[in-house]
Amino acid sequence: MMSSPTPIAITETDILVVVDVQNDFCTGSLAIPDAEAIVPVLNRVGRLFRHVVLTQDWHPQGHISFASSHAGAKPGDMVKVAYGDQKVFADHCMVNSWGAEMHPALDLPNTELIIRKGFRRDIDSFSAFVENDKTTTTGLAGYLRSRGFERVFLAGLALYGCVRFSALDARKAGFPAFIIDDASRSRPDPGNAALSDELAAAGVGRLQSGDLRVA
């Protein structure tokens, strides 16, 4: 992704949402290639923002997103659930487990809130804003509005998974949204180009950490 020719000035009304930089997505059961490389980038860019929110997958045993919860299902399969289609995965980010912990080198002292998502056994939550039933909210949009935040910058794991869903829902909630590409990583997939087009069509901006400066 090309860098913006004009640096973006980060102000008091901007917030950084760091999505799911957890052990299972970095080196554990659902590790994303090169995921650990984003940690120093996040530590650096996080200091440009006065306000930071983290999201954390937080799944109980038998969670609906686990292939092991569906007879005959394998990781990567789509299964039918009450709210429609649900992709299933290896067990991951179990409540109070090592895999659910944030990466140990992640250092974001301006973090003000941790949104735990996917803690309801029968609803998964890819997005930081709205769970997979498209009805149950996490409360993040209301929090941002009540605090007077205007722009949402997103980074983390996985770029075309939970980061993308979060960015799209930020736009639906009425916020300008930007993904910091070098502070995110994606799983290799030939469908990623189409998902990138989807983000562009929704008005999600794409930039590099070097495009940001403090106002």
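Points worth noting:
- The alpha carbon convex hull volume per residue for the chain rounds to 115 Å³.
- Rounded accessible area of R185 (nearest 10 Å², 1.4 Å probe): 60 Å²
- Mean Cα-pair separation over length for region 9-126, i.e. relative contact order, pairs under 8 Å, 6 or more apart, %: 34 percent
- Order by protection proxy (mean Cβ within 10 Å, highest first), peptides 81-89, 17-25, 57-65: 17-25, 57-65, 81-89
- Carbon + sulfur, % of accessible area of the chain - ligands and nucleic acids excluded, 1.4 Å: 55 percent
- Region 1-111 - accessible surface per residue (Å², probe 1.4 Å): 45 Å²
- About its Cα centre, region 1-89 has a charge dipole of approximately 20 debye under the convention of +1 per Lys or Arg Cβ and -1 per Asp or Glu Cβ, with nothing else charged.
- The label point for K134 and the one for A90, both projected 7 Å from the Cα toward the Cβ, are 3.1 nm apart.
- Highest average packing first - 48-56, 143-151, 92-100, Cβ atoms within 10 Å: 48-56, 92-100, 143-151
- For region 66-106: relative contact order, % (alpha-carbon pairs under 8 angstrom, 6 or more apart): 31 percent
- Average accessible surface area per residue within region 172-215, 1.4 Å rolling probe, Å²: 47 Å²
The values are calculated or read from the model by the stated rules, or taken from the named source; none is laboratory data. Just so we're clear, the structure is a prediction, and the values are computed from it rather than from any experiment. Neighbour counts are summed over all protein chains in view; Cβ atoms, including those assigned to glycine, are modelled from backbone coordinates with ideal geometry. Remember, those area values only see protein heavy atoms, side chains included, never the ligands or the DNA or RNA. Shrake-Rupley method; radii C 1.70, N 1.55, O 1.52, S 1.80 Å.
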